[in-house]
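Below is one structure, written out as C-alpha coordinates; the observations come after it.
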Amino acid sequence: MSSTQTGSSGTEYLVGIAVRAHGLRGELVVDVHTDSPDERFAAGESLIAQRPGAPAGTLTVESARPHSGRLIVRFVEAPDRDAADALRGTRLLVAADAIAPPADDEEFHVHQLEGLRAELEDGTVAGTVREVVHGPGGELLVLARPDGTDALVPFVQAIVPTVDLAGGRLVLTPPEGLLDPA
(Lines give C-alpha, C1' and ligand atoms only; values in the text may rest on other atoms or scores of the structure.)
Protein backbone atom coordinates (compact mmCIF):
# COMPACT_ATOMS: atom_id res chain seq x y z
CA MET A 1 0.00 0.00 0.00
CA SER A 2 1.50 3.28 -1.04
CA SER A 3 0.58 6.65 0.29
CA THR A 4 1.27 8.39 -3.00
CA GLN A 5 -1.57 8.93 -5.45
CA THR A 6 -1.98 10.94 -8.56
CA GLY A 7 -5.22 12.87 -8.79
CA SER A 8 -6.57 15.47 -11.15
CA SER A 9 -4.50 18.11 -9.39
CA GLY A 10 -1.21 16.13 -9.38
CA THR A 11 0.48 14.06 -6.71
CA GLU A 12 -1.24 13.73 -3.36
CA TYR A 13 -0.09 12.10 -0.13
CA LEU A 14 -2.15 10.16 2.36
CA VAL A 15 -2.18 11.81 5.81
CA GLY A 16 -5.01 9.88 7.45
CA ILE A 17 -7.99 7.57 7.12
CA ALA A 18 -11.34 8.22 8.79
CA VAL A 19 -12.06 5.04 10.75
CA ARG A 20 -15.41 5.68 12.45
CA ALA A 21 -17.63 8.27 14.10
CA HIS A 22 -16.85 9.14 17.72
CA GLY A 23 -19.58 10.46 19.99
CA LEU A 24 -22.59 12.46 18.89
CA ARG A 25 -21.02 15.79 17.84
CA GLY A 26 -19.60 14.81 14.45
CA GLU A 27 -16.14 13.78 15.55
CA LEU A 28 -14.19 11.08 13.72
CA VAL A 29 -11.49 8.66 14.79
CA VAL A 30 -8.64 9.07 12.29
CA ASP A 31 -5.70 6.72 11.72
CA VAL A 32 -2.73 9.04 11.21
CA HIS A 33 -0.42 8.45 8.22
CA THR A 34 1.78 11.53 8.53
CA ASP A 35 4.77 12.48 10.60
CA SER A 36 3.32 16.00 11.01
CA PRO A 37 -0.17 15.47 12.47
CA ASP A 38 -0.12 18.81 14.34
CA GLU A 39 0.45 20.61 11.05
CA ARG A 40 -1.82 18.53 8.78
CA PHE A 41 -4.75 18.43 11.23
CA ALA A 42 -4.49 22.01 12.53
CA ALA A 43 -7.74 23.97 12.76
CA GLY A 44 -8.51 25.59 9.41
CA GLU A 45 -6.45 23.15 7.32
CA SER A 46 -8.15 21.77 4.21
CA LEU A 47 -7.70 18.14 3.24
CA ILE A 48 -8.62 16.31 0.07
CA ALA A 49 -11.26 13.69 0.90
CA GLN A 50 -11.51 10.56 -1.22
CA ARG A 51 -14.39 8.21 -0.52
CA PRO A 52 -14.93 4.95 -2.38
CA GLY A 53 -17.48 5.48 -5.15
CA ALA A 54 -17.65 9.25 -4.68
CA PRO A 55 -15.88 12.20 -6.31
CA ALA A 56 -13.03 13.77 -4.33
CA GLY A 57 -14.04 16.65 -2.09
CA THR A 58 -12.54 18.89 0.56
CA LEU A 59 -12.81 18.72 4.34
CA THR A 60 -11.82 21.56 6.65
CA VAL A 61 -10.42 20.69 10.06
CA GLU A 62 -12.37 22.34 12.89
CA SER A 63 -10.45 20.67 15.72
CA ALA A 64 -8.23 17.67 16.45
CA ARG A 65 -6.97 15.98 19.58
CA PRO A 66 -4.95 12.84 20.30
CA HIS A 67 -6.77 9.71 21.46
CA SER A 68 -5.19 6.26 22.00
CA GLY A 69 -2.56 6.59 19.27
CA ARG A 70 -5.03 8.11 16.81
CA LEU A 71 -6.68 11.49 16.42
CA ILE A 72 -10.24 12.57 17.13
CA VAL A 73 -10.97 15.09 14.37
CA ARG A 74 -13.98 17.29 13.81
CA PHE A 75 -14.53 18.65 10.31
CA VAL A 76 -16.62 21.73 9.52
CA GLU A 77 -18.50 19.70 6.91
CA ALA A 78 -19.58 17.02 9.43
CA PRO A 79 -21.76 18.78 12.03
CA ASP A 80 -23.27 15.62 13.57
CA ARG A 81 -22.76 11.88 14.05
CA ASP A 82 -24.65 10.93 10.87
CA ALA A 83 -22.47 13.19 8.72
CA ALA A 84 -19.33 11.87 10.44
CA ASP A 85 -20.46 8.26 10.00
CA ALA A 86 -20.91 8.91 6.26
CA LEU A 87 -17.17 9.74 6.12
CA ARG A 88 -16.12 6.29 7.40
CA GLY A 89 -13.30 4.97 5.18
CA THR A 90 -12.51 8.37 3.69
CA ARG A 91 -8.87 8.75 2.72
CA LEU A 92 -7.54 12.16 3.79
CA LEU A 93 -4.88 13.53 1.47
CA VAL A 94 -2.75 16.60 1.02
CA ALA A 95 -1.39 17.95 -2.27
CA ALA A 96 2.35 17.49 -2.76
CA ASP A 97 2.90 21.20 -3.34
CA ALA A 98 1.49 21.91 0.13
CA ILE A 99 4.33 20.00 1.81
CA ALA A 100 7.52 21.94 2.48
CA PRO A 101 10.76 19.96 2.52
CA PRO A 102 12.14 19.25 6.00
CA ALA A 103 14.48 21.96 7.31
CA ASP A 104 16.90 19.37 8.73
CA ASP A 105 18.90 17.16 6.32
CA GLU A 106 18.50 14.27 8.80
CA GLU A 107 14.68 14.38 8.67
CA PHE A 108 12.48 12.91 5.98
CA HIS A 109 8.81 12.91 5.05
CA VAL A 110 7.11 9.52 4.88
CA HIS A 111 6.50 9.89 1.15
CA GLN A 112 10.24 10.36 0.60
CA LEU A 113 11.04 7.02 2.26
CA GLU A 114 8.29 4.86 0.79
CA GLY A 115 9.50 3.06 -2.31
CA LEU A 116 13.20 3.31 -1.46
CA ARG A 117 15.31 0.18 -2.00
CA ALA A 118 16.75 -1.12 1.28
CA GLU A 119 20.27 -2.50 0.97
CA LEU A 120 22.80 -3.97 3.35
CA GLU A 121 26.27 -2.38 3.44
CA ASP A 122 27.56 -4.95 0.91
CA GLY A 123 24.84 -3.97 -1.59
CA THR A 124 22.59 -6.98 -0.98
CA VAL A 125 18.95 -5.95 -1.48
CA ALA A 126 16.98 -6.45 1.74
CA GLY A 127 13.66 -5.20 0.33
CA THR A 128 11.70 -2.07 -0.49
CA VAL A 129 10.20 0.38 1.99
CA ARG A 130 6.49 -0.30 1.66
CA GLU A 131 5.26 1.83 4.55
CA VAL A 132 6.38 3.87 7.55
CA VAL A 133 4.54 3.05 10.77
CA HIS A 134 4.43 5.57 13.59
CA GLY A 135 4.64 3.58 16.82
CA PRO A 136 4.91 4.65 20.45
CA GLY A 137 8.65 3.92 20.41
CA GLY A 138 9.32 5.74 17.14
CA GLU A 139 9.04 5.07 13.43
CA LEU A 140 9.30 1.61 11.90
CA LEU A 141 10.04 0.93 8.25
CA VAL A 142 7.95 -1.88 6.80
CA LEU A 143 10.15 -3.59 4.24
CA ALA A 144 8.59 -5.71 1.51
CA ARG A 145 11.19 -8.50 1.34
CA PRO A 146 12.17 -10.27 -1.90
CA ASP A 147 10.62 -13.51 -0.54
CA GLY A 148 7.20 -11.82 -0.20
CA THR A 149 7.32 -11.36 3.58
CA ASP A 150 7.49 -8.09 5.49
CA ALA A 151 10.18 -7.04 7.95
CA LEU A 152 9.91 -4.26 10.52
CA VAL A 153 13.04 -2.13 10.86
CA PRO A 154 13.38 0.62 13.49
CA PHE A 155 14.14 3.89 11.70
CA VAL A 156 17.10 4.88 13.87
CA GLN A 157 20.58 6.08 12.89
CA ALA A 158 22.29 2.94 14.24
CA ILE A 159 20.28 0.65 11.92
CA VAL A 160 19.65 3.03 9.00
CA PRO A 161 22.85 5.10 8.82
CA THR A 162 22.37 6.22 5.21
CA VAL A 163 19.33 7.57 3.37
CA ASP A 164 20.21 8.33 -0.25
CA LEU A 165 17.11 9.94 -1.75
CA ALA A 166 18.84 10.80 -5.02
CA GLY A 167 20.00 7.18 -5.38
CA GLY A 168 16.59 5.80 -4.40
CA ARG A 169 17.99 3.72 -1.56
CA LEU A 170 18.79 3.45 2.10
CA VAL A 171 21.52 1.40 3.73
CA LEU A 172 20.84 -0.92 6.65
CA THR A 173 23.20 -2.19 9.34
CA PRO A 174 20.73 -4.45 11.15
CA PRO A 175 21.59 -6.31 14.34
CA GLU A 176 21.81 -10.08 13.95
CA GLY A 177 18.39 -11.68 13.49
CA LEU A 178 16.44 -8.51 12.70
CA LEU A 179 15.79 -9.47 9.08
CA ASP A 180 15.42 -13.21 9.71
CA PRO A 181 11.99 -14.66 8.84
CA ALA A 182 9.70 -15.08 11.83
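The values are calculated or read from the model by the stated rules, or taken from the named source; none is laboratory data. All values derive from a computational prediction rather than experimental measurement. For neighbour counting, all protein chains shown are included, and Cβ atoms are generated from backbone atoms with ideal geometry for every residue, glycine included. Keep in mind that these areas ignore ligands, DNA and RNA; they rest on the heavy atoms of the full protein, side chains included. Shrake-Rupley method; radii C 1.70, N 1.55, O 1.52, S 1.80 Å.
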| said: Residues that are open to solvent by 80 Å² or more (accessible area, probe 1.4 Å), out of contact with any Leu (no Cβ under 9 Å at 6 or more places or on another chain), farther than 22 Å from residue 174 by Cα and of a type in the set (A, V, I, L, M): does the stretch 96-104 have at least one? | reply: yes
Exactly one of 179, 87, 92 is touching a strand residue (DSSP E or B) at 6+ places or on another chain (Cβ under 9 Å), buried (at least 18 other Cβ atoms within 10 Å of the Cβ), modelled with pLDDT under 90 and hydrophobic (A, V, I, L, M, F, W, C), and that one is 179
Picked from the stretch 1-34 (must be over 24 Å from residue 63 (Cα atoms) and of a type in the set (Ser, Thr, Tyr)), the residue modelled with the highest pLDDT is 11
| Before we move on, is residue 139 surrounded by 13 or more Cβ atoms within 10 Å (Cβ to Cβ), at pLDDT below 95 and among the charged types (D, E, K, R)? | yes
Scanning the stretch 121-136 residue by residue, those open to solvent by less than 50 Å² (accessible area, probe 1.4 Å) and touching a residue at least 24 places away in the same chain (Cβ under 8 Å) turn out to be 126, 127, 129, 131, 132
Among residues of the stretch 61-84 being outside any helix (DSSP H, G or I) and among the charged types (D, E, K, R), the residue surrounded by the most Cβ atoms within 10 Å (Cβ to Cβ) is 74
Worksheet item: Just to be sure, is residue 153 closer than 12 Å to residue 120 by Cβ, of a type in the set (A, V, I, L, M) and either exposed (fewer than 12 other Cβ atoms within 10 Å of the Cβ) or at pLDDT 90 or above (or both)?
Response: yes
